[in-house]
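Visitor: The structure that follows is given in the form of structure tokens.
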Amino acid sequence: MGTVASTSAETPSGRSIWIDVPDWAGNIAGQHVDVRLTAPDGYQATRSYSLASSGPSPRLQLAVDKLPDGEVSPYLVDDLRAGDMLELRGPLGGWFVWSPSVEQPVQLIAGGSGVVPLVAMIRAHAASGSTAPMQLLYSVRTPDDRFFADELEKLDNITYAYTRSGPPDATIGRLTKERLAAAVLPVGSAVFVCGPTGFVEAVASWLVDLGHDASLIKTERFGGA
Amino acid sequence: MSIFTRGFSGRGRDNNPALPPGQYLTEDFPVLSAGPTPNVDTDTWEFTITTETGKVHRWNWEQLMALPTEDIHTDIHCVTRWSKLGTTWRGVSLDTLFADVETEYDYVMEHSYGGYTTNAPYEDLRDGKAWIAHTFEGEPLDPEHGGPARLLVPHLYFWKSAKWIRGLTMMAEDDPGFWEQNGYHIYGDPWQEQRYW
């Protein structure tokens, strides 16, 4: 059980939520939690959300994008407020994770709110003092749709791929294999790809085409196909 | 023991008895895969069953297609909480493929092109409970959903229905497969909500 410490807008449809969980045992960057909501008649709805936070801290951060036809995300984005209790289970997931013991260069590739677990990895990387190169390719509709915009602004190892609109000097439009090839670390790097199903499907198959070893590419997808 | 969530009334009450606890209905077909979708060519496709004696039973695509097929109408339940009801598949029953297989072992490891594995008790793959499916809703199965052929074991959470199926290996013990080593339940019964360890 957690208590919401605060929430803040990340994007027009996305919100960060900080939750205090006193008995939290810590988590690895990239893991997620199940959030369970209970209505007055006992009806329950549970969904998984990636953690943007990692390590031993009992203050967790989620960043949730509101799905227009969703059931849990509209509540978390529009209704939840500081002081509310929230039922959580986790940390969950032992595959889509990064720990400082990994010495390989790491390429992170995000589509939209898929950046959340990857930001946990960027933070864990910075906190650990790891010397392994790590960089992020972030595909997002417009600059206003970026999660963690202020925090990412301070980093120089990020390439943005804006699909709808962006700064005058930016190439606008969906990522292509050529743009992907130019933006990612060389073959032999560990790659984490997280985003909507179609985005992840395209990016992962391009990476294999470009010579990346499929066994070094970890994916996490959301939404239908 | 749970508390009420302030201000949450819930939208859907999917009071459908076909829906296992904690699941919601979806009309689309989400994808859960640990890595890239492998390219599997039916020209070189092969399916094997390997027993404790080392005997390997082998089928190529043409041989699989020559076996009796069944139409399967079933509900499917993903551990990530979506369920699809009334899906239609076509494929070959594992009863047909196991007909000439002699084994004393009680467990099976499913192996996929791309390296994925998942484990299941042998009895869960027998008696009309499991198939190699190659057709979904009348169309060849999409690669991202496991095409050209995946295992279909719909009474367990869908990660037990290995995509891009390549072979089955008999095991003496119930060794954990890929997701089972990464936090998912060893058996995965949706009606018992066996999601995690």
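Visitor: Restricting to region A:173-194, what's the tally of residues that are of a type in the set (Val, Ile, Thr) and free of Cβ contacts under 8 Å to residues at least 12 places away in the same chain?
Guide: 1
Visitor: Can you name the residue in region B:52-62 that is open to solvent by less than 90 Å² (accessible area, probe 1.4 Å) and out of contact with any Gly (no Cβ under 9 Å at 6 or more places or on another chain) and, of all such residues, is nearest to B:Val108 (Cα to Cα)?
Guide: B:Glu52
Visitor: Please pick out the residue among B:Pro21, B:Pro17, B:Pro30, B:Pro38 that is under 15 Å from the mean Cα position of the chain (by Cα) and under 30 Å from B:Gly183 (Cα atoms).
Guide: B:Pro30
Visitor: Are any residues in region B:67-86 of a type in the set (Gly, Ala, Ser) and open to solvent by 10 Å² or more (accessible area, probe 1.4 Å), and if so, which ones?
Guide: B:Gly86 - this is the single residue of region B:67-86 that is of a type in the set (Gly, Ala, Ser) and open to solvent by 10 Å² or more (accessible area, probe 1.4 Å).
Visitor: I need every pair where a residue in region A:90-102 that is open to solvent by 40 Å² or more (accessible area, probe 1.4 Å) has its Cβ under 6 Å from the Cβ of a residue that is at pLDDT 95 or above and assigned to a strand (DSSP E or B), sequence separation at least 6 or different chains.
Guide: The qualifying pairs are A:Pro91/A:Asn27.
Visitor: Which numbered condition in (1) in a strand (DSSP E or B); (2) over 20 Å from A:Lys66 (Cβ atoms); (3) not polar (S, T, N, Q) is the only one that A:Ala127 fails?
Guide: Of (1) in a strand (DSSP E or B); (2) over 20 Å from A:Lys66 (Cβ atoms); (3) not polar (S, T, N, Q), only one is false for A:Ala127: (1).
Visitor: Sticking with this structure for a sec: So A:Ala202 fits all but one of (1) touching a strand residue (DSSP E or B) at 6+ places or on another chain (Cβ under 7 Å); (2) open to solvent by less than 40 Å² (accessible area, probe 1.4 Å); what number is the exception?
Guide: With (1) touching a strand residue (DSSP E or B) at 6+ places or on another chain (Cβ under 7 Å); (2) open to solvent by less than 40 Å² (accessible area, probe 1.4 Å) applied to A:Ala202, the lone miss is (1).
Visitor: Next question. What number of residues within region B:8-23 satisfy the criterion of being more than 7 Å from every other protein chain (Cβ to nearest Cβ) and touching a residue at least 24 places away in the same chain (Cβ under 8 Å)?
Guide: 6
Visitor: State all residues of region B:36-64 that are out of contact with any Asp or Glu (no Cβ under 9 Å at 6 or more places or on another chain) and assigned to a loop (DSSP other than H, G, I, E, B); if no residue qualifies, say none.
Guide: Passing the criteria: B:Pro38, B:Asn39, B:Val40, B:Asp41, B:Asp43, B:Thr44, B:Trp45, B:Gly54.
The values are calculated or read from the model by the stated rules, or taken from the named source; none is laboratory data. Everything quoted here is computed from the prediction, not taken from an experiment. Note that each Cβ is placed from the backbone with ideal geometry, even for glycine, and that neighbours are counted across all protein chains shown. These accessible areas exclude ligands, DNA and RNA; they are computed on the full protein's heavy atoms, side chains included. Shrake-Rupley method; radii C 1.70, N 1.55, O 1.52, S 1.80 Å.
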